[in-house]
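Take a look at the structure set out below.
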Amino acid sequence: MIELRHLGKTYKAAGRDIIALDDINLTIEDGEIFGIIGLSGAGKSTLVRCINLLERPTEGEVRIDGRDITLLKRKELLELRRTIGMIFQGFNLLEQRSVLRNVMFPLEIAGMPKADAKDRARELLKLVGLDEREGSYPSQLSGGQKQRVAIARALATKPKYLLCDEATSALDPNTTRAILSLLKEINETLGVTIIVITHEMKVIDQICDKVAVLDQSRIAEQGKVSEVFVTPRSQIAKELIFPGNRKEFGDHGGRRIRITFHEAYAYNPVISQMVMECQVPVNILFADIKKLDNEEYGHMIFELPVEERDAEKILAWLKKSPVDWQEEV
């Protein structure tokens with residue numbers, strides 16, 4: 001288990017304090033895939049680097065399996081880091097080493113005999129689907145293949161935790177889906193706890209169990225992915241879940257309503273029924289359906305008519321319906 005308690009990180013720059021993290025409190029249970037999402041500059045990368053102390057927090061505790069690792073001596077910290085793998089957006093492979101020797105690298109540092117390190121590396125390359133490319137060099141690989149090598153390398157020392165810092169940001173959509181599926185498989189087959197840092201909600205949707213939403217160095221909200229998706233409370237979560245703003249949707253002056261469709265209503269023609277019964281048209285601005293925790297959830301945002309009497313007909317219908325809805329500010 002990873003516990004962050006009142007974690008803070010402040011940098012000094014040009015004679016003033018820059019707060020990167022402010023009173024962060026998180027608990028990540030063993031076996032989870034935990035997502036941390038936020039816009040650029042929210043503090044995501046600083047947070048993940050504080051978990052293995054690549055960045056030293058200014059205040060607070062980082063507790064891993066009950067130990068506050070900020071109190072560990074250098075040797076103890078180095079031993080602990082072998083239980084925490086990390087993959088990056090830029091892959092960070094050694095260009096002069098073959099694929100096989102890249103994966104062997106952390107094992108060599110740990111003092112494992114070369115023959116054993118080679119066997120372990122080949123086992124991991126087979127796991128990530130690159131056993132036939134062990135003699136290739138990074139320059140000969142695609143972006144997705146490079147990230148698979150980086151994942152294999154991160155798993156070399158049999159870590160309990162895997163930190164993924166924007167690991168799919170440099171990849172195309174199809175490759176992203178493949179890498180996320182691989183991470184899900186690793187979580188399920190090896191039991192590795194995975195922390196995913198991203199600015200993309202689609203990454204959270206695909207593999208995460210829980211999510212924390214960061215905004216301006218603080219946690220705006222956290223919870224199960226399905227709960228945050230269905231009932232986002234913070235403005236930043238709404239912005240991440242619903243792409244586009246008022247200007248991009250177009251503004252005709254009408255009030256906006258967001259409907260949330262749970263499993264029972266995800267495919268029901270709710271809007272059609274509403275329009276036919278009220279005899280009032282609405283302007284649909286956004287709609288999306290996702291499968292989370294093996295259940296279907298959907299969102300729709302529509303604009304009410306400018307004429308107040310027509311708008312009130314729609315609102316009266318919604319108040320009597322079983323559909324979850326709220327007016328967007």
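Coordinate-derived values only; no laboratory data. In this text the structure is predicted, and so the values were computed from the model without any measurement.
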Using alpha carbon centers only, the stretch 186-227 is separated from the stretch 1-38 by a whole-angstrom value of 14
Could you pull out the pairs from Lys146/Lys291; Lys73/Lys126; Lys238/Lys319; Lys210/Lys320; Lys12/Lys238; Lys210/Lys291 whose alpha carbons sit more than 26 Å apart here? Lys146/Lys291; Lys73/Lys126; Lys210/Lys320; Lys12/Lys238
Would you calculate a helix-derived [θ] at 222 nm for the chain, using -39,500 (n - 2.57) for each DSSP H run of n ≥ 4 and dividing by the full residue count, to the nearest 500? -10500 deg cm²/dmol
How big is the Cα convex hull of the chain in projection, averaged over all directions, in nm²? 20.5
Gain upon complete extension [Thr83, Asp68; 0.36 nm per residue less C-alpha separation]: 3.9 nm
Length gained, Glu295-Ala14, 0.36 nm per residue minus C-alpha separation, equals 96.1 nm
Give me the number: length gained by fully extending His262 to Met276, i.e. 0.36 nm times residue separation minus the C-alpha to C-alpha distance, one decimal in nm. 2.8 nm
